[in-house]
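The values are calculated or read from the model by the stated rules, or taken from the named source; none is laboratory data. Here the structure is a predicted model, which means the values were calculated and not measured. Note that we place each Cβ from the backbone using ideal geometry, even for glycine, and neighbour counts take in every protein chain shown. Ligands, DNA and RNA are stripped out before the accessible areas are found, and what is left, the full protein with its side chains, is counted by its heavy atoms. Shrake-Rupley method; radii C 1.70, N 1.55, O 1.52, S 1.80 Å.
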Amino acid sequence: MIFPCNKCGLCCLHIDLIPQLKKYDLGNGRCINLTDDNLCAIYDKRPEICNVNKMYESMYSKQMSEEEFLRLNVEGCKEIKKAFSTGNTNI
Ligand code: SF4
Ligand code: SF4
């Protein structure tokens, strides 16, 4: 499953909304691992909650198809963009 992330970085700029990532919060919601070019500095070892494929396998595979999980995540990205960006919901 390939998740169509366009590297907007918005999810990694608002991790104060995600309790599991509290230890990475710089104090303003920005993850300490987010680079200036919106990449994850620990991508290969990123937390499970940041990894769509691992989250599906460990928590959602018995509840829905991969396609449905992907669709819900894409919808989540659109909601983040609506809430925090200039309105570009393309993904
Ligand atoms: S909000 Fe969605 S598109 Fe933007 S960086 Fe996060 S996962 Fe990627
Ligand atoms: S660990 Fe990486 S993917 Fe997860 S919020 Fe931080 S920068 Fe984003």
* Just checking, how many residues over the stretch 19-30 are part of a loop (DSSP other than H, G, I, E, B), open to solvent by 50 Å² or more (accessible area, probe 1.4 Å) and closer than 20 Å to Glu79 by Cβ? -> 1
* Asked: What number goes with the only condition from (1) open to solvent by 70 Å² or more (accessible area, probe 1.4 Å); (2) without any contact (Cβ under 8 Å) to a residue 60 or more places away in the chain that Phe84 does not pass?
  -> (2)
* Structure fact -> Those residues of the stretch 31-57 that are assigned to a loop (DSSP other than H, G, I, E, B), near ligand 2 (Cβ under 9 Å from one of its atoms) and either open to solvent by 50 Å² or more (accessible area, probe 1.4 Å) or over 25 Å from Glu68 (Cβ atoms) (or both) come to a total of 7
* Asked: Taking into account only those residues within the stretch 58-81 that are touching a Phe, Trp or Tyr at 6+ places or on another chain (Cβ under 9 Å) and of a type in the set (Asp, Glu), which is surrounded by the most Cβ atoms within 10 Å (Cβ to Cβ)?
  -> Glu66
* Mind counting the residues in the stretch 1-55 that are under 16 Å from Lys81 (Cα atoms), touching a residue at least 24 places away in the same chain (Cβ under 8 Å) and in contact with a strand residue (DSSP E or B) (Cβ under 8 Å, 6 or more places away or on another chain)? => 3
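Looking at Phe84, Phe3 in this structure, which one is at pLDDT below 95, more than 9 Å from ligand 2 (Cβ to nearest atom), within 11 Å of the chain's Cα centre (by Cα) and aromatic (Phe, Trp, Tyr)? Steps first, please.
Working: Phe84 fails: within 11 Å of the chain's Cα centre (by Cα).
Step by step, each of Phe84, Phe3 is checked, and only Phe3 is at pLDDT below 95, more than 9 Å from ligand 2 (Cβ to nearest atom), within 11 Å of the chain's Cα centre (by Cα) and aromatic (Phe, Trp, Tyr).
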* Asked: So Pro4 clears everything in (1) part of a helix (DSSP H, G or I); (2) open to solvent by less than 70 Å² (accessible area, probe 1.4 Å) except one condition, right? Which one?
  -> (1)
